[in-house]
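To start, the structure under review is shown below, and the notes come after it.
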Amino acid sequence: MIHLAIETSTEWVDLALMRESSVLSRFSVFRPGGASEILSSALESLFVCTNQKPEDLAFLSSSQGPGTYTSIRVGHLFSRGLSLALGIPHLTVSPFTMLAWQAAEFLPKAVGRLAIVLDAKRGEVNAALFSLSGNAGPLRIPAEEAGEVFSGRAVSPERILELLSSAQSGDIAIAGPGVVALSPKGQSGAPAGLSSHLIFPSAPMMGRLAFESRKEGLGEGASALLYGRESVCF
């Protein structure tokens, strides 16, 4: 089963052409100016490198958000248009979930909770809290239990740090593009006593999660984008 993952929730534009959970070809570039100018050429390059064609795609996936407003919309509309033209399903995947699974691959087993933090711009962050203690992989903790700051809506970094500062040392880690916003002014790296990891959502992880959803018989995701301040519907 050939499928395509398009991740544009940050300044990185990341595409992966995949066969089930394996990457056939990948295009990744740091593009702060947006994704609109390069998505078509990037997709063409993937097909050329793998001798595949658009008609070979069984489904495709893109980011649900939150994330960079313009790039999220561009990636979503590009994916949606391609899915309609080819008559194939279009799934959306949360960058929170992608990052949680990426971080879980390298974090020590002693870490029981993981805070995923995205850069919401305007001096704010979007955050979600995950449990890593089970055998089923990262599980998102509902905001009712984790706290409203972990609802995914934009909040100040200080509110996140206030909640995390009381965590037992080694029990919790932080990961995602937003960790930079949590560092004290004039310093780099993790806030005192907390392990932080600067990572970005990846198209291969998006593709793996989307493929697992298809295997489990789940349909297309909702067509609403989560911007972190409001839902943007198309």
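A dipole drawn for the chain from +1 and -1 charges on Cβ atoms has a positive end, and of LEU209, SER151, LEU82 the residue lying farthest that way is LEU82.
Taking label positions 7 Å along the Cα-Cβ direction at both GLU148 and SER133, the computed distance is 2.6 nm, reported to one decimal. Charge dipole of the chain (Cα centre as origin; +1 on each Lys and Arg Cβ, -1 on each Asp and Glu Cβ, all else neutral): 140 debye, rounded to the nearest 20. If the Kirkwood radius is taken over C-alpha pairs of the chain, then at 25 °C and 0.890 mPa s the Stokes-Einstein diffusion coefficient equals 136 µm²/s. When DSSP beta bridges are restricted to pairs lying wholly in the chain, around 65% turn out antiparallel. Calculated mean residue ellipticity at 222 nm for the chain: -8500 deg cm²/dmol, from DSSP H runs with n ≥ 4 weighted as -39500 (n - 2.57), summed, divided by the residue count and rounded to 500. Couplings for the range 12-20, taken from phi via the Karplus curve 6.51 cos²θ - 1.76 cosθ + 1.60 with θ = phi - 60°, read 7, 9, 9, 10, 9, 9, 10, 10, 6 Hz in order; Gly and Pro are left as x. Using θ = phi - 60° in the Karplus curve 6.51 cos²θ - 1.76 cosθ + 1.60, the 3J(HN,Hα) couplings for the range 144-154 round to 4, 9, 7, x, 4, 5, 9, 7, x, 7, 5 Hz; x is entered for Gly and Pro. Across the range 96-197, Cα-Cα distances exceeding 25 Å account for 9% of all pairs.
Taking the Cα centre of the range 96-197 as origin, work out the dipole magnitude from +1 charges on Lys and Arg Cβ and -1 charges on Asp and Glu Cβ, in debye rounded to 20.
Working: 8 positive and 9 negative charges, 39 e Å.
The calculated dipole for the range 96-197 is roughly 180 debye.
For PHE59, the residues 5 or more places off, or on other chains, whose built amide H falls under 5 Å of its own are LEU4.
Please tell me the relative contact order of the range 96-197 in percent, rounded to the nearest whole number, where contacts are Cα pairs under 8 Å and at least six residues apart.
Details: 182 pairs, mean separation 29.1, N = 102.
Reported as a whole number, the value is 29 percent.
Excluding same-chain neighbours fewer than eight residues apart, the aspartates and glutamates reachable from LYS53 by a Cα-Cα span under 12 Å are GLU44. Karplus-based coupling profile of the range 75-80, in residue order and whole Hz: x, 5, 5, 4, 5, 5, with θ = phi - 60° in 6.51 cos²θ - 1.76 cosθ + 1.60 and x standing for Gly or Pro.
In loop segments of the range 86-131 as defined by DSSP, the chymotrypsin sites (Phe, Trp or Tyr not before Pro) with at most 12 further C-beta atoms inside 10 Å of their C-beta are PHE106.
Read the figures in this text as sums done on the coordinates, not as results from a lab. Values in this document were obtained by computation on a predicted structure and should not be read as measured data. Please note: Cβ atoms are built from the backbone with ideal geometry, for glycine as well, and neighbour counts cover all protein chains shown.
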